Amino acid sequence: AQRVTQPEKLLSVFKGAPVELKCNYSYSGSPELFWYVQYSRQRLQLLLRHISRESIKGFTADLNKGETSFHLKKPFAQEEDSAMYYCALGMGGSTLGRLYFGRGTQLTVWP
Amino acid sequence: DTGVSQNPRHKITKRGQNVTFRCDPISEHNRLYWYRQTLGQGPEFLTYFQNEAQLEKSRLLSDRFSAERPKGSFSTLEIQRTEQGDSAMYLCASTQGQINSPLHFGNGTRLTVT
């Protein structure tokens, strides 16, 4: 069965410190992985997706099929990065948009 | 704001009552999704439409739930005979339905069943 695990419910770092939000998935096919972010009082929005291989707001994520992981990383956290982050798994093709979300990690960046 | 719009933002109802939520997607998006999010969890898929056709329903969607998208534009989600376990945030999202098109979420409707 498809599953996304985000082991950390809460994560706190100081401004300028590196941050890594962990995400592991379970899926036997070819996965599509995403990170969504929800800032305070805003709607859920896409941060980045593995297929794009891009860096957004300084965040990167690499799909590691061997470890079934898609960890989100940023070398120097900023206070404005404080938000709820959700890792999501898609199976592509005709199921486009049908995503399995993890429970989320609340990131707090202290000044 | 030309994003996904959901109404109402909040709904409080008594157990056993029926409720209906509305979602207006981004106008050129042909795919529309409903998700449910309970406290401390990520969104869970309920159902989706391509234009007016409902193509998939999750097992989470009991027969008390029904969704429609009559003209391929806005969608409604109705819950009949609400139960306390239905209390959640109901999220709507839309996309153009092409590979790499991201999901655009609405602000959600928060349902509280007393």
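Each value in this text was obtained by applying a stated rule to the coordinates, not by laboratory testing. Because the structure is a prediction, the values reported are computed rather than measured. Glycine also receives a Cβ, built like all others from the backbone with ideal geometry; neighbour counts cover every protein chain displayed.
Odds and ends about this structure:
- Solvent-free Debye scattering, log10 I(q)/I(0), computed from the Cα coordinates of region A:57-111 at q = 0.30 Å⁻¹: -1.23
- Spin-label model, residue B:59 to residue A:108: label points 7 Å out along the Cα-to-beta-carbon direction sit 3.8 nm apart.
- By other beta-carbon atoms within 10 Å, ranking B:64, B:36, B:59 with the fewest at the front produces B:59, B:64, B:36.
- Solution diffusion estimate, µm²/s, Stokes-Einstein, region B:36-89, Kirkwood Rh from C-alpha pairs, 10 °C, viscosity 1.306 mPa s: 131
- Cα-centre dipole for region A:27-111 with unit charges at Cβ (Lys and Arg positive, Asp and Glu negative), debye to 20: 200
- Here the Gaussian network model covers chain B, with springs between Cα atoms less than 10 Å apart; of B:27, B:62, B:94, B:62 fluctuates the most.
- Taking the Cα centre of the protein assembly as shown as reference, the dipole from Cβ charges on Lys and Arg (+1) and Asp and Glu (-1) amounts to some 440 debye.
- Region A:64-84 residues near the modelled residue A:39 label - backbone nitrogen below 12 Å, point 7 Å along Cα→Cβ: A:79-84
- Sorted into 10 angstrom bins from 0, the C-alpha pair distances of chain A split as 15, 50, 29, 6, 0 percent.
- With Rh defined as the Kirkwood radius, the inverse of the mean 1/r over Cα pairs, the Rg/Rh of the protein assembly as shown is 0.97.
- Within a Gaussian network of chain A (alpha carbon springs, distance under 10 Å), most fluctuating of A:98, A:53, A:43: A:43
- Considering only B:53, B:93, B:67, the mean-square fluctuation computed in a Gaussian network model of chain B, springs between alpha carbons under 10 angstrom, is largest for B:53.
- Residue separation of residue A:14 and residue A:65 scaled by 0.36 nm, minus their Cα-Cα distance, works out to 15.3 nm of gained length.
- Sequence-separation-based contact order of region A:3-97, relative, with Cα cut under 8 Å and 6+ spacing, percent: 37
- Only one residue of A:97, A:23, A:10 has its Cα farthest out toward the positive end of the dipole of chain A, where Lys and Arg carry +1 and Asp and Glu -1 on Cβ, and that residue is A:97.
- Two-decimal log10 I(q)/I(0) for chain B, as the Debye equation yields it once each C-alpha is a single scatterer, q = 0.22 Å⁻¹: -1.25
- Sites listed here are GluC sites (Glu not before Pro) in region A:57-89 whose DSSP assignment is loop and whose Cβ has at most 13 other Cβ atoms within 10 Å: A:67.
- The charge dipole of chain B, taken about its Cα centre with unit charges on the Cβ of Lys, Arg, Asp and Glu (plus for the first two, minus for the last two), comes to roughly 360 debye.
- Considering only B:54, B:43, B:84, and ranking their Cα positions along the charge dipole of region B:14-114 that arises from unit charges at the beta-carbon of Lys, Arg, Asp and Glu, the one farthest toward the positive end is B:84.
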